[in-house]
Every structure is written in C-alpha cells, then in structure tokens.
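Let me begin by presenting the structure, written as structure tokens, before commenting on it.
All of the numbers you see were taken from the coordinates with simple rules; none came from a lab. As the structure is a prediction and not an experimental result, all values here were calculated from the model. Positions of Cβ are backbone-derived with ideal geometry, glycine not excepted, and every protein chain shown enters the neighbour counts.
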Amino acid sequence: MLAATIARHPREFVGIIMAAAATITIVVNALFLQHGPHPAPIFATRPLAVQQVPAALPRPPAQTAEPRSQAQIVGDIQRELHQRGFYAGAVDGIWGAKTDAAARDFLQAAGLKIDVMPSESLLHAITASNAKPAAAAAAPAPARKDPIAELIAPSPSLSPSKRILAVQRALADFGYGQIKPTGVYDQDTRAAVEKFERERNLPVDGQISERFVRDLAAMTGRPLEQ
C-alpha cells in the first residue's frame with residue numbers, strides 16, 4: 001500500500017522526505033553543533049586567525065649636533081670676509097683687531113645693524129650678503145668703446161666709400177633727406193638710413209648692412225654700386 005501511495009503521489013513523497021531531512025538537520029545542529037549563543041550558523045566554522053600586530057619599537061632619542069667652538073666660528077667668519085675682500089689677514093680662528101675691523105666694514109657696507117661679535121648669526125649674515133668693500137664699489141668702470149660713435153665720427157684718414165656714396169645718392173634721390181654725397185658715413189646719412197628702415201619695417205639700427213643695400217636697390221630698381 002505504501003508503494004502504491006508513493007506511485008500515485010511522487011511529488012508529495014519527495015517533499016515529505018526533504019522536510020523531514022531539514023527538521024533532523026536543525027535538531028542535530030541545535031543539540032550538538034552549536035557552542036555559542038543563538039543564533040549560530042547551521043554548521044560549525046573555524047575561528048578566524050587573529051593577526052598579531054607587533055608593538056611599535058620606541059624611537060631612538062634624536063641626536064643633537066654639538067655646538068661649534070668659537071675658534072671654528074671665527075675661522076669661518078675670517079674665511080668668508082676674505083673671500084669678499086674685507087679681510088686680508090690669516091685665517092687662524094682668533095678674533096683680533098683686523099678681524100673686528102673687517103667685520104665692522106662689512107656691516108657698514110651691507111647696511112646691517114647687528115652686534116660685532118663672533119657668532120653664527122654674523123656668519124650667516126656674511127654668507128647671505130653680496131656686499132663689497134667701499135673701495136671696490138667706488139672703483140670707476142672701464143670705459144666702453146662705442147663702435148657706432150667711432151663709425152659716425154669723421155676721420156681725416158677715412159677714405160670715401162663707393163657703397164656709402166651710392167647709398168647717399170639713392171637716399172637723396174628718393175627724398176630721404178638732404179644728404180651730401182661725400183662717401184663718409186655721417187649723422188645725416190644715419191638719419192636717412194633709419195627713416196628708410198622705419199618705412200620698410202626693418203630693424204632700425206642705422207647700419208648700411210647687406211639687407212639694407214638689397215632693399216634699397218630693390219626700391220630704386222638698379223644696382224647701387226656701379
């Protein structure tokens with residue numbers, strides 16, 4: 001009769017079997033598998049391994065630099081003053097009259113108001129400054145030659161140039177000034193050259209360069225030097 005019943009109702013039989021298995025699993029888990037408070041997982045799990053973090057090692061105490069001696073500081077001051085032209089004595093680390101005078105000269109040249117004493121602050125002020133001795137600062141600069149002025153100034157030994165003569169004639173013919181064709185590059189010629197350069201959007205330097213000669217010849221439509 002049981003087999004006939006199962007054959008007539010197979011789905012119901014499978015459902016009864018699965019429900020019975022679930023009930024048995026829950027009962028077994030509640031009685032034998034749970035070791036902690038409810039609710040607990042159906043099946044026992046392994047506890048997670050706790051990673052131990054090593055304790056931070058204590059930092060070693062900071063090492064403080066030993067203060068430098070006064071002789072070392074004075075020696076550095078003398079060396080810096082010597083490099084800047086304020087001190088001409090020996091670098092011996094002794095604060096004498098020469099070192100004191102050199103330090104005072106430096107402070108006056110740099111416009112600083114600090115104590116004239118051998119200290120790190122004085123050394124730092126010297127190394128950070130570009131002050132020069134008063135004698136060196138007042139020395140006159142060497143005269144620079146002006147090649148343009150030498151070129152413009154007439155010289156009795158300067159022979160007339162055919163190029164300058166042709167340029168002067170072309171500039172005079174096309175209304176760039178009342179220029180006398182002398183063949184000598186004078187101030188009137190320079191003014192006419194600069195006027196031509198401005199009108200042609202050329203670099204205004206007043207020089208009779210190759211580019212200037214080409215542009216002037218292109219405007220006149222004939223070679224300048226013939």
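For this structure, a couple of remarks:
- Neighbour-count ranking [beta-carbon atoms within 10 angstrom, fewest first] of Arg169, Arg104: Arg104, Arg169
- All other residues whose Cβ lies under 13 angstrom from that of Phe174 are scored, Lys and Arg at +1 and Asp and Glu at -1, for a net of +1.
- Taking the fewest neighbouring Cβ atoms within 10 Å as the starting point, the ordered list for His82, His9 is His9, His82.
- Neighbour-count ranking [beta-carbon atoms within 10 angstrom, fewest first] of Val193, Val213: Val213, Val193
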